[in-house]
Amino acid sequence: MIHRRAFMKSGALALFATGFGGLPNFIASAASGQKILQPYKKNKVMVCIFQRGAMDGLMAVSPFADPNLKILRPGLFMSPLEKEGGLFNLDDHFGLHPAMASLQPFFGEKRMAIVHGVGSPNTTRSHFDAQDYMEAGTPFNKGTASGWLNRVAGLMGHDATPFRAVSLTNALPRSFYGDNEALAISNLQDFAIQMRNNPMAGKTVSQSFEDLYDQTSSSLLNKTGKESFDAMKMLNVNELKNYQPAKDVVYPQTALGNSLKQIAVLIKMQVGLELAFAESGGWDTHVNQGTTNGAFARNLKDFSDSIAAFWKDLSAYQDEVTVMTMTEFGRTAHQNGTGGTDHGRASCLFVLGNDVQGGKVYQNIKSLAKEDLEDKRDLPVSTDFRAVFSNVAQSHLKLQNSKGLFPDWNGKPLDLMRG
């Protein structure tokens, strides 16, 4: 018997990869109870990437022209001069880290915008709490049942397939908790029938979707109807296995690269994807952060190269897609004694898309002088993350009514999208 919690979490459908055992992914899709409607058209898609661990925005997009930065970070300071770091000079004040070379052209083409000094008004320095608040979209209410992306799905105002909201993660992220259906899929190829150690199938390896449906005693599955299996039939296993990216596109062989590649597959297969989520970890740089080399630079290169490959792979679908990144908070303005940075306040994020008013660093940062720092140590939050999230979601996805997207927030959305 399949326990309901294997599929549901806070009201949202969670579809997990099978790995070496457990239930095949397609079984969970039966819980959606959603009929598949044909034909499909290109959907507007918003792709969110969470940089977990608190990315150092002052290094990713460095305010090199502020004389205080070199004083605060003598061992981490970088400049546009090649001998001092080789930042990409964005506007004579901010510079893009050289590890982000693959994304720099999009800024020059005005398709990528950067928001600096962005973060949460909640001053917690706990990774867990800050991520939870950001994904719920309620910085001062830990009891919010739904995630902000789940609420976006509920505000879209049209019928959807079971693939409207998909997270390429092992577990459903907090952002997708709620009453609207969402899937967590770690690997699309696991949609193939994997019977090893499957308690429902025993030693039989060739049962059809319908056979598996008939054998289950789960009331959750039995009440949904066999048409739910049409969701899995939308995905051709051979196409997934043999997928070839666009010409000259090479994805990094990393977790993020693989996740974005699979999101590209879902977009191109036109299965109804509208909200996608991926993660990038390893941003907690307390020790030996490095400049052009080191852990931060390596992570940033993977982050940049993965997004660039994804964007180029989309080809004719670029007009339909916007990518937005986020991180729970930033790092201290002052480097610590071990060549790293500690938990801070504001960071930066990136928004990429053909409907983005790019080529600009959106910011309200005063300076890095001690009197302008929060607690005399941190870059203050001058842009609430909700001002960015609300503008991107409402503008790109054409939400007719965004009321309720961010409860208890009456701020003004940041104007960084066209139209």
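The values are calculated or read from the model by the stated rules, or taken from the named source; none is laboratory data. Note that the coordinates shown come from a computational prediction; the quantities given were computed from them, not determined experimentally. Here Cβ is always computed from backbone atoms with ideal geometry, including for glycine, and neighbour counts include all displayed protein chains.
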Selection from the range 238-249 of residues farther than 15 Å from Gln270 by Cα and either of a type outside the set (Asp, Glu) or modelled with pLDDT under 85 (or both) yields Asn238, Lys241, Asn242, Gln244, Pro245, Ala246, Lys247, Val249
Which residues, taken from the range 129-140, are under 19 Å from the mean Cα position of the chain (by Cα) and assigned to a loop (DSSP other than H, G, I, E, B)? Gly137, Thr138, Pro139
Quick test for you: out of Val205, Val152, pick the one residue that is of a type outside the set (Phe, Trp, Tyr) and at pLDDT 90 or above. Val152
In the range 137-188, which residues are of a type in the set (Phe, Trp, Tyr) and closer than 29 Å to Val237 by Cα? Phe163, Phe176, Tyr177
Hits in the range 106-128 - residues which are within 18 Å of the chain's Cα centre (by Cα) and part of a helix (DSSP H, G or I): His127, Phe128
Quick one: is Asp284 assigned to a loop (DSSP other than H, G, I, E, B) and at pLDDT 95 or above? yes
It is to be established whether one or more residues within the range 352-362 are small (Gly, Ala, Ser), touching a Gly at 6+ places or on another chain (Cβ under 9 Å) and part of a helix (DSSP H, G or I). no
Any idea which of (1) under 26 Å from Ala297 (Cα atoms); (2) in a loop (DSSP other than H, G, I, E, B); (3) at pLDDT below 95 is the one Gly143 doesn't satisfy? (1)
Only one residue in Gly272, Gly257 is surrounded by 19 or more Cβ atoms within 10 Å (Cβ to Cβ) and at pLDDT below 95. Which one? Gly272
Which one of Gln262, Gln289 is buried (at least 19 other Cβ atoms within 10 Å of the Cβ), in contact (Cβ under 8 Å) with a residue 60 or more places away in the chain and in a loop (DSSP other than H, G, I, E, B)? Gln289
State the number of residues belonging to the range 303-323 that are hydrophobic (A, V, I, L, M, F, W, C) and within 14 Å of Phe107 (Cα to Cα). 4
Qualifying helices (runs of 4 or more DSSP H) (wholly inside the range 16-102; at least 2 residues being over 23 Å from Asn187 (Cα atoms) and at pLDDT 95 or above): 57-60, 67-72
Subset of the range 306-333 that is of a type outside the set (A, V, I, L, M, F, W, C), surrounded by 22 or more Cβ atoms within 10 Å (Cβ to Cβ) and touching a residue at least 60 places away in the same chain (Cβ under 8 Å) - its residue that is nearest to Leu349 (Cα to Cα): Thr325
Residue by residue through the range 387-408, note down the ones that are of a type outside the set (Phe, Trp, Tyr), buried (at least 16 other Cβ atoms within 10 Å of the Cβ) and in contact with a Ser or Thr (Cβ under 7 Å, 6 or more places away or on another chain). Ser390, Val392, Gln394, His396, Ser402, Leu405
Checking Lys403 against (1) in a loop (DSSP other than H, G, I, E, B); (2) of a type outside the set (S, T, N, Q); (3) in contact (Cβ under 8 Å) with a residue 40 or more places away in the chain, only one condition comes out false. Which one? (3)
Any residue in the range 332-340 that is within 26 Å of Lys110 (Cα to Cα) and either out of contact with any helix residue (DSSP H, G or I) (no Cβ under 6 Å at 6 or more places or on another chain) or not in a helix (DSSP H, G or I) (or both)? no
Answer yes or no: is there a residue in the range 288-298 that is of a type in the set (Val, Ile, Thr) and within 18 Å of Leu168 (Cβ to Cβ). no
